Amino acid sequence: MAPRRSRTPHGAVDTSWQTIALGDRIVDARTATDLLSPPPTSTITLAGGYLHRSLQPTKALGAALSRAARRPDAWDRAPTAGLETLRSLFARLAGADVDADDVLITSGGQDALSMAFRSIAAPGSPILVESPTYQGALAAARAAGLRPIPVPIDAHGIRPDLLADAFATTGARLLYCQPTFHNPTGAVLPPERRRQVLDIARAAGAFILEDDFARLLGHGGPMPRPLLADDNDGTVVYLTSLTKPASPSLRIGALIARGPVAHRLRATRLVDDFFLARPLQEAAVELISTPSWDRHLRGLATALRERCAALAAALATEIPEWTLSSVPQGGLHLWVRIPGPLESATAIADAAHARDVAVSVGSGYFAAEPTGAYLRLGFAATADLAQLSEGVHRLSGATRHLRSADS
Ligand SMILES: Cc1ncc(COP(=O)(O)O)c(C=O)c1O
């Protein structure tokens, strides 16, 4: 038998044995790579899922971190569930009848998703997801060995008639959904549907994982109550995060759960990594309990409203053949239908890339076959409104170029 760890003819370590040892499991990181790769500075990014630095509370973050660092207990251990004060702040933020004991601090929303998927559903199980949905959730579910089954949504979010069917045919015991400013479409589930979705999940004996990532990303209008607020039997496991309204590196979020599932989530945190780094938790407390945080959120709402309207208006003028699913009242994105076959979205993304504009191709947001050609266009990651309109101008050039190449 050949020695296992030999060198290749080029002198590199021969790791080919690992292919057999690792077997057929795969953690597909393409989505996360797409979400996180910083674009070259010359690129106008309509692809990102975080705020441009000019919209982040950079000064307040710095001040919060230095106040946190001066606390004598900053480097002590933290409780597994997270700091009590931080948990109370998240309990209040959720606007539901929950208290600090129901809250588990997480390392942002992605950690909350991964923990919840792994803790609630056994590998191999089906889970229901909106179609389309946040592609990072699909990646996390698949990495946990789960099988995401799509349930169609319309302009008002998930369709209750099809949801009941999906539970019945799959036997799923978990629905992942975003009732408020859904990523990518911006849809908001109306009150009547919220009640129906809760009732249907209850009848199926299933959990709902409510991803309320946009709780602090409203554009100034009224915010719907989370599903959690109408949950009286522990059906809803709720998550939210500070990364979107503050900064991607303020990796602090929360899971809120009641009953045995809450114990399981805490046990998962403990076994995975004991607890989250205390200095960052202290910094989050310092940031969000000051009056400057509320000022930041008010300013952010105005900026997002302006940017959203500007992007929608520029698209209507420059590329009228594209259809917006809505002009959302919250969140960071527009969801745009492109005429033509599925491949047209990729072709536009490639042509846009050649003009230094990054967009996000819609097919990755579907758990199965996409229902059409879509792009997700973000309005929060550009430096300013001028860059946003220049981005649309270049996109319009890219579509014209493709059309003339086709004819
Ligand atoms: C719907 C949704 N949930 C969760 C996340 C995870 O965000 P983070 O881990 O940065 O809090 C994202 C990020 O794009 C998202 O769009």
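The values are calculated or read from the model by the stated rules, or taken from the named source; none is laboratory data. Treat the numbers as computed from the prediction; the structure is a model and nothing was measured. Glycine also receives a Cβ, built like all others from the backbone with ideal geometry; neighbour counts cover every protein chain displayed.
Observations, loosely collected:
- Near pairs, Cβ below 6 angstrom, 6+ apart or cross-chain, from region 9-31 (surrounded by 10 or more Cβ atoms within 10 Å (Cβ to Cβ)) to any residue that is in a loop (DSSP other than H, G, I, E, B) and polar (S, T, N, Q): Asp14/Ser6; Asp14/Thr8
- The listed residue being part of a loop (DSSP other than H, G, I, E, B) and surrounded by fewer than 18 Cβ atoms within 10 Å (Cβ to Cβ), out of Ala380, Ala386, Ala368: Ala368
- Counted as qualifying within region 125-237 are the helices (runs of 4 or more DSSP H) with 3 or more residues that are assigned by TED's automatic domain parsing to the domain that holds Gly108 and closer than 29 Å to Leu51 by Cα, namely 135-143.
- Each residue in region 97-106 was checked for being crowded, with 19+ Cβ neighbours inside 10 Å and away from the ligand (no atom under 11 Å from the Cβ), and 5 of them qualify.
- Breaking point among (1) surrounded by fewer than 24 Cβ atoms within 10 Å (Cβ to Cβ); (2) more than 25 Å from Leu377 (Cα to Cα), for Leu86: (1)
- Filter result for Ala100 (outside the structural domain of Ala351 (by TED's automatic domain parsing), at pLDDT 95 or above and small (Gly, Ala, Ser)): yes
- Every condition in (1) surrounded by fewer than 24 Cβ atoms within 10 Å (Cβ to Cβ); (2) away from the ligand (no atom under 16 Å from the Cβ) holds for Leu216 except the one numbered (2).
- Qualifying residue in region 12-33 (condition: away from the ligand (no atom under 16 Å from the Cβ) and at positive phi): yes
- Filter pass, Thr235 being among the hydroxyl-bearing types (Ser, Thr, Tyr) and within 11 Å of the ligand (Cβ to nearest atom): no
- Test for Gln281: is it within 16 Å of the ligand (Cβ to nearest atom) and outside any loop (DSSP other than H, G, I, E, B): yes
- When Ser241 is tested against (1) touching a Pro at 6+ places or on another chain (Cβ under 9 Å); (2) within 27 Å of Cys308 (Cβ to Cβ), only condition (1) is not met.
- Comparison of Leu175, Leu163 shows that the only residue that is under 29 Å from Gly378 (Cα atoms), within 16 Å of the ligand (Cβ to nearest atom) and buried (at least 23 other Cβ atoms within 10 Å of the Cβ) is Leu175.
For every residue, the table says whether it meets (1) out of contact with any strand residue (DSSP E or B) (no Cβ under 9 Å at 6 or more places or on another chain); (2) within 16 Å of the ligand (Cβ to nearest atom); (3) β-branched (Val, Ile, Thr).
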| site | (1), (2), (3) |
| --- | --- |
| Pro191 | yes, no, no |
| Arg195 | yes, no, no |
| Leu209 | no, yes, no |
| Pro248 | yes, yes, no |
| Ile252 | no, yes, yes |
| Leu270 | yes, no, no |
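- Only listed residue being within 15 Å of the ligand (Cβ to nearest atom) and part of a loop (DSSP other than H, G, I, E, B), chosen from Gly109, Gly48: Gly48
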